[in-house]
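Scroll down for the structure; my scribbles are underneath it.
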Amino acid sequence: MTNMAASAVAVQPPGPPLWLLAEVTYRCPLHCVFCYNPLDFAAQGKAQELPTADWLRVLREARALGAVQCGFSGGEPLERDDLEEMIAEAHRLGFYTNLLTSGVGLTAQRAAALKAAGLDHIQLSFQDSTRELNDFLSHTKTFGLKQQVGELIKANGWPMVMNVVIHRLNIDHIDRIIAMADALGAEYLELANSQYYSWAHLNRDHLLPTHDQLKRAEAITDEWRVKLADRMKLFFVAPDYHEGTPKKCMNGWGNVFLTITPDGTALPCHTAKMLPGLAFPNVQTSSVREIWQDSEGFNRFRGTGWMKEPCVSCPDKEKDLGGCRCQAFLLANDPAAADPVCPKSPHHGVVKAAVEASEAGAVPVRPLVFRDPKNSKAFVSPVGQ
Ligand code: FES
């Protein structure tokens with residue numbers, strides 16, 4: 001029996017893809033060192049992007065299948081001048097719509113047009129609370145503009161989620177980051193410790209915090225939670241490298257999330273395309289229903305039927321579903337292995353070594369690499385490190 005046949009037998013029919021993530025473009029004016037877009041993002045330029053009519057069809061098909069939330073993301077989704085049209089259609093279909101943006105391109109005119117289109121919610125990203133580091137990490141001068149966009153979001157009456165990717169270089173500013181979000185009137189602040197995929201994986205040895213830094217940051221976050229009470233909700237997403245606990249990645253492979261990349265490739269998570277031996281369908285040749293229910297790419301790691309040791313006999317296998325498939329590939333060179341952040345994984349030493357190097361202040365072998373079309377061609381992911 002082939003693996004594919006074995007997984008097909010074990011897999012229960014999936015529920016609907018509740019969350020549709022429309023990555024409408026990889027174009028982006030920023031150059032963040034922790035970007036989760038694939039390293040080879042430049043191969044999907046403007047000419048490869050799905051046209052408006054295809055995106056509108058994808059929205060209709062996903063909604064008919066039961067999707068309820070739609071995130072418009074990228075790259076920078078405001079790079080698409082048909083964004084308002086897509087959001088209007090998503091709103092008409094009954095989606096709860098989110099825009100995930102760096103803020104670059106969100107003028108007063110576009111904000112008014114997005115409001116009229118029915119956009120429900122904006123997530124604005126900052127890189128830091130200081131102009132110097134925000135602008136360094138994104139390799140742009142955008143700190144002042146982001147402040148203005150924060151005010152514009154509030155002036156339009158949108159609830160604001162502020163998102164800051166946390167890592168070794170900005171984690172000691174956590175107090176100022178929370179104060180900045182509070183001053184801008186954010187309702188939610190996501191302090192998302194960097195996950196080490198794509199550009200963040202390439203730059204991991206610069207970005208991994210120490211245990212002490214994490215402990216301090218969590219304590220400061222807890223103090224703010226008391227001070228803020230209901231004024232702002234703080235989400236501190238702990239890093240799995242340090243926790244030693246595999247996360248139930250994407251809430252289960254092909255369980256809740258459906259990501260469509262700019263060229264129409266459908267993925268269970270935004271980095272899955274790098275996994276070897278898997279064919280992922282495209283919305284230009286398959287319906288969203290076929291993709292979600294029948295495709296090999298979405299069925300391969302659903303449930304627990306694909307597992308091998310140590311996952312298959314682990315009492316936590318239903319809880320964590322073996323952790324993250326992309327991380328298993330990046331760190332163990334095998335997407336069907338136990339996630340190496342788990343102490344039971346035979347590859348756990350790779351994770352321990354990375355954390356120990358960060359504790360010891362080891363100097364990374366390579367300078368920071370910025371997300372940039374020219375670097376997109378120059379680097380491949382360092383698999384197995
Ligand atoms: Fe791809 Fe976790 S990021 S499965």
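Only the coordinates and a few stated rules stand behind these numbers; no lab work does. Since we're looking at a predicted model, the values are computed, not measured. Cβ atoms come from the backbone with ideal geometry, glycine included; neighbour counts cover every protein chain shown.
So what's the Cα pair-distance distribution over the chain, bin width 10 Å, in %?
5, 23, 32, 28, 11, 1
For segment 272-355, report the % of Cα-Cα distances exceeding 14 Å. Please list the in-between numbers first.
On the way: 2232 of 3486 pairs.
Counting pairs separated by more than 14 Å, the tail of P(r) holds 64 percent.
What Kirkwood radius, in Å to one decimal, follows from the Cα pairs of segment 19-242?
18.2 Å
Given a Förster radius of 51 Å and the C-beta distance between E151 and K374 as r, what FRET efficiency does 1/(1 + (r/R0)^6) yield to the nearest 0.05? Could you put the intermediate results ahead of the total?
Values: r = 35 Å, r/R0 = 0.68.
After rounding to 0.05, the efficiency reads 0.90.
In straight Cα distance, which aspartates and glutamates are under 13 Å from K154, not counting same-chain residues fewer than 8 positions off?
Cα-Cα hits under 13 Å: D120, D182, E187.
What is the gain in length, in nm to one decimal, between R366 and D175 on full extension, counting 0.36 nm per residue of separation less the C-alpha to C-alpha distance?
My answer for the length gained is 65.8 nm.
Taking a cut-off of 20 Å between Cα atoms, list the aspartates and glutamates near K344, but don't count ones fewer than 8 places away on the same chain.
D240, E243, E309, D316, E318, D320, D334, E356
If a paramagnetic tag sat 7 Å from the Cα of A113 along the Cα-Cβ line, which residues of segment 43-83 would have the backbone N under 14 Å from that point?
77-83
Suppose R0 equals 25 Å. What FRET efficiency, 1/(1 + (r/R0)^6) with r the Cβ-Cβ distance, do D82 and S287 give to the nearest 0.05?
Efficiency, rounded to the nearest 0.05: 0.70.
Using only DSSP helix segments of four residues or longer, with each worth -39500 (n - 2.57), what per-residue ellipticity at 222 nm results for the chain after dividing by its residue count and rounding to 500?
When only DSSP H runs of four or more count, the value is -10500 deg cm²/dmol.
Give me V312, V283 sorted ascending by neighbouring Cβ count inside 10 Å, so fewest comes first.
Listing V312, V283 from fewest to most nearby Cβ atoms yields V312, V283.
Tell me, what is the FRET efficiency for Q48 and E309 to the nearest 0.05, using R0 = 56 angstrom and their Cβ-Cβ distance as r? Before the final figure, lay out the partial values.
On the way: r = 41 Å, r/R0 = 0.73.
Efficiency computed from Cβ-Cβ geometry: 0.85.
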